[in-house]
Every structure is written in structure tokens, then in C-alpha cells.
Amino acid sequence: MSGVGEASLVLGIISSIIAIVTAAKNIYDAANDTSGLPKAFHKVAAKLPIVVVILKQADEYIHQPQVDQGAQDAFKIILSRCEASAKELHEIFAKVVPKDGASRVERYFSAARKIGRGGRVEDLIAEILKEIGLLIACSSFATQKTLQAVEGALADISLIEPSLPANFTTVQPSRVKILQQIQYNDIPTMCILEPCCV
């Protein structure tokens with residue numbers, strides 16, 4: 001593919017990710033009541049604008065004529081992974097956030113299980129931020145302040161209490177009610193594995 005074609009492909013991926021992330025943020029912002037969501041959703045939604053701002057900077061950078069083929073290739077690979085995580089995050093937000101009620105946890109559990117390992121919202125935003133960190137590392141479009149913002153966002157995300165237990169991909173669906181109790185009543189997470197809770 002020519003340099004122009006490669007740049008167009010990269011720009012298309014950037015635009016796609018911006019649209020996906022913006023749509024996820026809009027879903028969260030439009031929700032009538034976000035109080036019943038796991039705490040991680042609130043933290044993740046707060047980090048989405050950082051992703052958009054940095055991707056807009058990357059878009060401006062790719063438009064520059066001095067960006068070589070190697071940088072475009074690296075951007076394409078990194079952004080493709082970032083786009084996959086953004087789509088999964090959007091899917092979870094779309095399934096879980098708009099509808100009020102206790103079944104939000106059930107819907108979240110189900111959506112995260114489809115994705116599998118790494119399907120928690122905090123894992124997905126961490127992957128997106130790590131990919132953006134790589135993007136910054138392999139180019140010169142971002143300032144030190146931007147890099148620090150990404151590192152700070154990653155540090156914040158790492159402190160989030162897991163929104164689902166580590167074994168959520170193997171927990172039996174009949175135990176989703178227990179998961180709801182954990183989210184709404186702060187019952188210890190270990191309870192999900194113990195027979196006393198069944």
C-alpha cells in the first residue's frame with residue numbers, strides 16, 4: 001500500500017476509535033441514573049475524554065508529510081488493537097448503562113463473559129490507554145504532559161476495585177444474583193466462590 005493509502009487507513013482507524021469512544025461516553029452521559037452501576041464504570045467514563053483528545057493529536061500528526069511509512073505501519077498495528085478494545089468497551093456500555101435496575105449487573109456479567117479474559121471495563125480502558133502509550137512512545141506527536149496524563153490515567157485505573165471477580169469467565173450463570181449482591185450490598189467478593197452463598 002502506498003504511503004498516502006497507509007495514512008488514509010490509519011486516519012480511518014483513528015476516526016473510528018474516536019467515534020466509538022465518544023459514543024460510549026455519550027451513552028454514559030445520557031443515562032438517567034448511573035448510581036446502580038459498578039464503580040468502575042464511573043472511573044472508566046471519566047477517562048474516555050483523554051482518549052479522544054490524544055487521538056485527535058495523533059490524527060493531526062499523521063497528516064504531516066514527514067511521517068514515514070514505518071511510523072504509519074506502527075500506528076496501524078497499535079490502533080487496530082486499540083480499536084478492538086474500544087469496540088468491546090462500547091458494547092458493554094451499550095448493553096449495561098442505558099437500562100436502569102438490578103439486571104444491569106446480569107447484563108454486564110453476560111457481556112463481559114462474551115469477551116472473556118480482559119472483558120471488565122477497567123481492563124478494556126487500561127488496554128486502550130496502554131496502546132495509546134505505545135503510540136506516543138513510537139512517535140513525536142505528544143508532549144511530556146500528554147504522556148504523563150496517560151500514565152496518570154493508567155495509575156488511576158489500576159487502583160479501581162475490580163468490577164467483576166477474577167474468575168468471572170468461569171462463574172456459573174446461576175450465581176449472577178450473588179454478583180448483584182456484591183455490587184449493591186458490598187458483600188465480600190470471596191462470597192462468590194463459597195457454598196454458603198449458593
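Values quoted throughout were computed directly from the atomic coordinates according to the rules given, and no laboratory measurement underlies them. All figures in this text were calculated on a predicted structure; none of them were measured in a lab. Note that each Cβ is placed from the backbone with ideal geometry, even for glycine, and that neighbours are counted across all protein chains shown.
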How do the peptides 109-116, 82-89, 45-52 rank, highest first, by the average count of neighbouring beta carbon atoms within 10 Å per residue? 82-89, 45-52, 109-116
Where a ≥ b ≥ c are root eigenvalues of the Cα gyration tensor, a/c under 1.5 meaning rounded, otherwise prolate if a/b exceeds b/c and oblate otherwise, the stretch 1-114 counts as prolate
What are the ³J(HN,Hα) couplings of the stretch 30-36, residue after residue, when phi is run through the Karplus curve with 6.51, -1.76, 1.60 and θ = phi - 60°? Round to Hz, x for glycine and proline. 7, 5, 5, 9, 9, 5, x
If contacts are Cα pairs under 8 angstrom and at least 6 residues apart, what is the relative contact order of the stretch 119-164 in percent? 62 percent
Relative contact order for the stretch 84-153, counting Cα pairs under 8 Å that sit 6 or more residues apart, in percent: 31 percent
Inter-label distance for ASP73 and ASP156, nm, one decimal - labels placed 7 Å from Cα along Cα-to-Cβ: 3.6 nm
What number, in percent, do you get for the relative contact order of the stretch 1-99 if the mean sequence gap of Cα pairs under 8 Å and at least 6 apart is divided by its residue count? 55 percent
Multiply the residue gap between THR143 and ALA19 by 0.36 nm, knock off their C-alpha separation, and tell me the result in nm, one decimal place. 42.3 nm
Of the listed pairs LYS47/LYS114; LYS76/LYS130; LYS39/LYS76; LYS95/LYS145, those with alpha carbons more than 26 Å apart are LYS39/LYS76; LYS95/LYS145
